Protein chains: 2
Amino acid sequence: MGRRSDHTRIELEELFVAEGRRQLAETGLARFSAREVAKRVGYSIGTLYNVFGSYDGLMLALNARTLALWAQHLRDRLAAAGDDRIRALVCGYFEFARDNPKAWIAIYEHHMADGGPAPESYQALAADLMSVAAGEVARELPEAAAEAVLALTRSLVATVHGHCAFALYRTFSMLGETAPADAALARVRETLEAAKTRDR
Amino acid sequence: MGRRSDHTRIELEELFVAEGRRQLAETGLARFSAREVAKRVGYSIGTLYNVFGSYDGLMLALNARTLALWAQHLRDRLAAAGDDRIRALVCGYFEFARDNPKAWIAIYEHHMADGGPAPESYQALAADLMSVAAGEVARELPEAAAEAVLALTRSLVATVHGHCAFALYRTFSMLGETAPADAALARVRETLEAAKTRDR
DNA sequence: AATTTAATTGAACGGTGATCATTTCTGGTG
DNA sequence: CACCAGAAATGATCACCGTTCAATTAAATT
């Protein structure tokens with residue numbers, strides 16, 4: 001059809017991402033198809049490749065959107081939180097994963113075709129998410145050195161991630177666990193308490 | 001070729017599983033191909049389907065083998081452990097994942113085509129793995145009730161899993177973490193200490 | 001030797017990600 | 001207004017995938 005001024009390149013990107021997220025949420029990563037996204041948007045597969053370059057490019061755009069929404073969700077929860085900001089953070093983590101299970105899983109299950117790392121701009125989004133958590137850990141441990149805060153934050157996020165992953169992968173339900181978020185919160189509290197005791 | 005007495009059905013299964021594991025370790029789940037496994041074993045794709053029924057059936061057989069080897073690895077480490085059995089357990093967990101990264105990841109990233117649960121026999125292998133950990137937790141908390149031990153074990157395994165997953169997915173290296181196993185062990189120790197204090 | 005039975009095969013089907021020569025439209029020029 | 005150069009959009013084409021199943025072939029039975 002030639003240069004359609006129907007949509008700018010930015011609009012096109014947004015169309016594909018919106019439809020891609022809809023489809024990812026429905027079918028999950030394993031059945032996800034770039035062709036099907038293009039078809040439902042009403043553009044050809046060739047146009048989708050013009051915009052994103054590859055399947056990886058499309059998936060990165062989708063996961064980047066998920067990461068941004070996740071970070072926003074956490075900040076919203078923290079803004080509305082009372083005294084117990086750690087609980088707000090852990091619950092916000094679980095809420096987002098539970099409300100967007102397929103998209104959340106896709107963040108971890110998509111791998112670049114060449115096995116290489118994701119581009120800088122994508123890693124920045126993951127780092128931003130981590131910094132939200134680090135801010136709260138720093139608030140809990142005012143005396144701690146910055147590097148110690150970061151190291152502890154990484155470990156705490158890994159702890160929560162493990163509980164959240166088991167919850168979404170149904171590993172927990174298979175084993176009889178019913179309140180994974182509570183368990184994760186309890187673990188985080190223990191670690192923060194131990195760190196406070198060490199600091200004194 | 002008709003009924004080849006070259007291999008019994010059991011031998012055939014073993015041939016496919018051995019070659020499948022080799023290929024999974026090389027290429028990873030995303031590029032893994034049942035056709036390629038059949039080709040390299042020297043049987044047709046049809047015979048592979050006679051044996052395993054589907055791609056899911058093959059993957060379950062591969063993942064079942066991985067789970068069994070993992071449990072064996074943990075028991076071996078515990079048998080050779082000194083006083084610090086918890087360290088042996090956590091390190092054994094990480095060692096196996098690090099030595100078999102693609103196979104370990106496939107355990108979590110393979111999903112049944114219909115989204116349903118894995119068959120009973122497969123779940124039993126996962127439960128066995130959990131029971132290895134539960135035995136050590138029970139040893140640490142002799143006073144604790146059985147159900148409390150199981151609940152704590154689930155949470156501790158989730159904690160270690162989170163650290164291990166971040167290590168293998170390179171989330172940690174992206175964030176500057178260098179000793180994920182040490183961090184996981186520290187978290188486990190804190191939780192066990194807190195539980196002991198509660199029991200008193 | 002003839003027949004039955006069951007294991008093995010691989011072509012065929014509909015789908016995928018990826019490519020790129022071709023077509024089709026648009027903005028600018030004379 | 002007619003023309004053209006260039007960019008956007010296309011979809012046939014390719015190699016591969018999981019899956020199916022009629023046909024084939026070798027072993028077991030008669």
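We did not get these values from a lab; they are worked out from the coordinates using the rules stated. Please read these numbers as outputs of a predicted model, since none were measured by experiment. All Cβ positions, glycine included, derive from the backbone under ideal geometry; neighbour counts span all protein chains shown.
Summary table
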{"read-out": "Inter-label distance for residue A:79 and residue A:196, nm, one decimal - labels placed 7 Å from Cα along Cα-to-Cβ", "value": "2.8"}
{"read-out": "Residue order, fewest to most surrounding Cβ atoms within 10 angstrom, among B:112, B:59", "value": "B:112, B:59"}
{"read-out": "Partner lysines for residue A:196 [C-alpha distance under 28 Å; skip if fewer than 8 residues away on the same chain]", "value": "B:196"}
{"read-out": "Ratio of the Cα radius of gyration of the protein assembly as shown to 2.2 N^0.38 Å, where N counts its residues", "value": "1.07"}
{"read-out": "Sorted by Cβ density within 10 Å, fewest first, the residues B:43, B:122", "value": "B:122, B:43"}
{"read-out": "Theoretical ellipticity at 222 nm over chain B - DSSP helices of four or more residues, -39500 (n - 2.57) apiece, nearest 500", "value": "-25000 deg cm²/dmol"}
{"read-out": "Total charge dipole magnitude, the stretch A:105-181, about the Cα centre, Cβ charges on Lys, Arg, Asp, Glu only, Debye to nearest 20", "value": "220"}
{"read-out": "Quarter of Cα convex hull surface for the stretch A:55-95, i.e. mean projection, nm²", "value": "2.9"}
{"read-out": "Choice from B:28, B:176, B:92 with maximal GNM fluctuation in chain B (Cα, 10 Å cutoff)", "value": "B:176"}
{"read-out": "Ranked B:70, A:104, criterion: other C-beta atoms within 10 Å, fewest first", "value": "A:104, B:70"}
{"read-out": "For the stretch B:1-80: Kirkwood Rh in Å [reciprocal of mean 1/r, alpha carbons]", "value": "13.5"}
{"read-out": "Peptide-level mean, for A:103-112, of C-beta atoms on other protein chains within 10 Å", "value": "3"}
{"read-out": "Whole-percent pair-distance distribution, where bins are 5 Å wide, for the alpha carbons of the stretch A:56-163", "value": "2, 11, 21, 23, 20, 13, 7, 3, 1, 0"}
{"read-out": "Student exercise, the protein assembly as shown dipole from Lys, Arg, Asp, Glu Cβ charges, in Debye to nearest 20", "value": "700"}
{"read-out": "Calculated SAXS-style log₁₀ I(q)/I(0) at q = 0.08, 0.17 Å⁻¹ - chain B, Debye, Cα scatterers", "value": "-0.34, -1.15"}
